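Taking it in order: structure first as structure tokens, then the write-up.
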Amino acid sequence: MAGLVLDGSNPDVSLLYDINGLAKDAPSWFDRVMEFVGEYGIMLALVLVVVACWWSVRKRGSAEDSVTAVAGLVWAPLAAGFALLVNIPIRGFVERPRPFLDHKGLDVLVAGKTDYSFVSDHATMAMAIGAAVFVAHRGFGFAALGLALLEGFCRVYMGVHYPTDVIGGFALGTAVALLLTPLALALLTPLLSAVSRSRHVGWVVRARSAREADLISGAGTVGGTRPLGMPEPRPDDNNLAA
């Protein structure tokens, strides 16, 4: 299946030339910036979004909200890792060469790419993280999804992927992140709930100021429900003297 898209009249190839053609018209310093952004910058920015989201969700809402959100954030990099593992057999099956090997005149900003092109690892990782963060927090999720879309554009701009490589990566990252979210949260939520009750490392899930506020209010969740880890009183506990 190496000849997945070789015809220059194909819209996939036409769009590749249109987007990569922007690199030819741009100043060299801008191409160097795009090279860094596409290879490393956006992934670093996604890490910062995850950290910023973690810092925020520890302080807001109820204790259970914090546990659920942090569980989703822990799942984000795990989802990216799982998506990359799924991509290994896909790339080996499709065996699509990099676009610059089959099409002349591309301005390739990153040299040394010798592996297969479909699907894009960068697009897969970025979208898996973006989808997982969106599940954990809508606001930060939109920022992460925007960065993932920018990652896909950069990969085509740099001449190392076809547009369909990027679209495939987006689909794979989204599918892995969303389809496995219920299982991931079912496993991670009890673990992080236990961590949140720890006197020494509970701040990882729930900020100290928020935990103190929970104790003062006497409720660990919105709506006056019981704090995490506190046993529910039995109905006959109040009638022991009867």
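Data for the structure
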read-out	value
Single unsatisfied condition, Leu149 versus (1) under 30 Å from the mean Cα position of the chain (by Cα); (2) at pLDDT below 95	(2)
Contacts under 7 angstrom Cβ, first residue in segment 26-48 being under 20 Å from Ala76 (Cα atoms), partner assigned to a loop (DSSP other than H, G, I, E, B), 6 or more apart	Gly38/Met158; Glu39/Val110
Residue selected from segment 52-64 under the condition in a helix (DSSP H, G or I) and under 14 Å from Arg197 (Cα atoms), by the criterion modelled with the highest pLDDT	Glu64
Which listed residue, of Ala177, Ala186, is buried (at least 22 other Cβ atoms within 10 Å of the Cβ) and hydrophobic (A, V, I, L, M, F, W, C)	Ala177
Among (1) β-branched (Val, Ile, Thr); (2) in contact (Cβ under 8 Å) with a residue 24 or more places away in the chain; (3) within 26 Å of Ile167 (Cβ to Cβ), the one test that Val70 misses	(3)
Residue list for segment 198-220, filter: polar (S, T, N, Q) and either modelled with pLDDT of 75 or more or surrounded by 17 or more Cβ atoms within 10 Å (Cβ to Cβ) (or both)	Ser198, Ser209
Of all residues in segment 85-106 being part of a helix (DSSP H, G or I) and touching a residue at least 40 places away in the same chain (Cβ under 8 Å), the one that is farthest from Ala177 (Cα to Cα)	Asp102
Residue check for Val133: under 10 Å from the mean Cα position of the chain (by Cα) and of a type in the set (Val, Ile, Thr)	yes
Filter pass, Phe82 being in contact (Cβ under 8 Å) with a residue 60 or more places away in the chain and closer than 30 Å to Ser28 by Cα	no
Residue within segment 112-119 that is in a helix (DSSP H, G or I) and β-branched (Val, Ile, Thr) present	no
Hey, Trp75 at pLDDT 90 or above, within 17 Å of the chain's Cα centre (by Cα), of a type in the set (Phe, Trp, Tyr) and farther than 20 Å from Met125 by Cβ or not	no
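Here's the yes/no breakdown for (1) touching a Gly at 6+ places or on another chain (Cβ under 6 Å); (2) surrounded by 24 or more Cβ atoms within 10 Å (Cβ to Cβ):
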site	(1), (2)
Val86	no, no
Gly92	no, no
Val108	yes, no
Ala111	no, no
Val119	yes, yes
Ala136	yes, yes
Tyr162	no, yes
Gly169	no, yes
Pro182	no, no
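The values are calculated or read from the model by the stated rules, or taken from the named source; none is laboratory data. Treat the numbers as computed from the prediction; the structure is a model and nothing was measured. As a convention, Cβ positions derive from the backbone with ideal geometry for all residues, glycine included, and neighbour counts pool all protein chains shown.
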